[in-house]
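What follows is a short report on a single structure.
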Amino acid sequence: QQDGDPDPHRPRAGGLAMLVLPSVVTLAALGLTTAVALSLQETRIRDATAERVQEVATSLAALSEVRQTVASVSDAGTPEDLADASDLAPATAALQPIAELVARAAGVYYVVVTDDEGVRITHPLMSERGVQVSTTNASVLAGTPFLGTETGPSGPSLRAKVPVVDGDRVVGMVAVGVLESDIAAEREQALGALLPWAVGALIVATLASSALTAAVERRFRRLDELALVQGLDEF
């Protein structure tokens, strides 16, 4: 090599970088796209679930049969002497079938109706009826709805709680929840649906990257050959 001549290894090094770069860019773009899609899907699932439990709880709390039935047992207990399952049995007999029907139709895990002390009138588990809820929200029984995640007998759930109002007084509340485990399962199902798309996109991107890489490699080989011929001509 003569002084001032271009480095013969430089084109080869540049060619190597150009060969690797398309694959790196492809994988990074695909990874970012997949992550964004998953995040949007998770947000959509949680928002849709929150909207569903809130709508179900609000509609049920406004139902005249629910309001009248809950009001009929509002005097069955006091904060010092809570009502039990036998005290609330007539209300349970009237509302449990409605709660189960609504839960199935709306695709929620549970529909719970309580009296004004938070004692359950309805619950999917018979053993929990006549028992005060462990996450009673005083604000709900004071008239303010609640939406959030709490942990109850069935585990963590995204739930909505809406006061049941008879006239100008709160006589109980309706709580509607979906288990966080069910939300996670729906998220995993969405991920399973997204994976074939991601794999397909990766295959297409890899083929395109390979074609581009081959074209770039041929280009640099021609440049190397041209540089070699020019070098020989100088002798």
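Values in this text are rule-based calculations from the coordinates and carry no lab data. Just so it is clear, the structure is predicted and the values come from calculations on it, not from any experiment. Quick reminder, even Gly has a Cβ in these numbers, built from the backbone with ideal geometry, and neighbours come from all protein chains shown.
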Would you mind checking which residues have amide H under 5 Å from Val164's amide H? H placed 1.01 Å from N; only 5 or more apart, or other chain. Val171, Gly172, Met173, Val174
Suppose R0 equals 25 Å. What FRET efficiency, 1/(1 + (r/R0)^6) with r the Cβ-Cβ distance, do Ser181 and Thr78 give to the nearest 0.05? 0.10
Short version: ³J(HN,Hα) in whole Hz for each residue of region 143-155, in order, from phi by Karplus 6.51 cos²θ - 1.76 cosθ + 1.60 (θ = phi - 60°), x for Gly and Pro, what are they? x, 10, x, 10, 9, x, 9, 9, 10, x, x, 8, x
May I ask for the equivalent-ellipsoid semi-axes of region 73-171, computed as the square root of five times each C-alpha gyration tensor eigenvalue and listed largest first in whole Å? 19, 17, 14
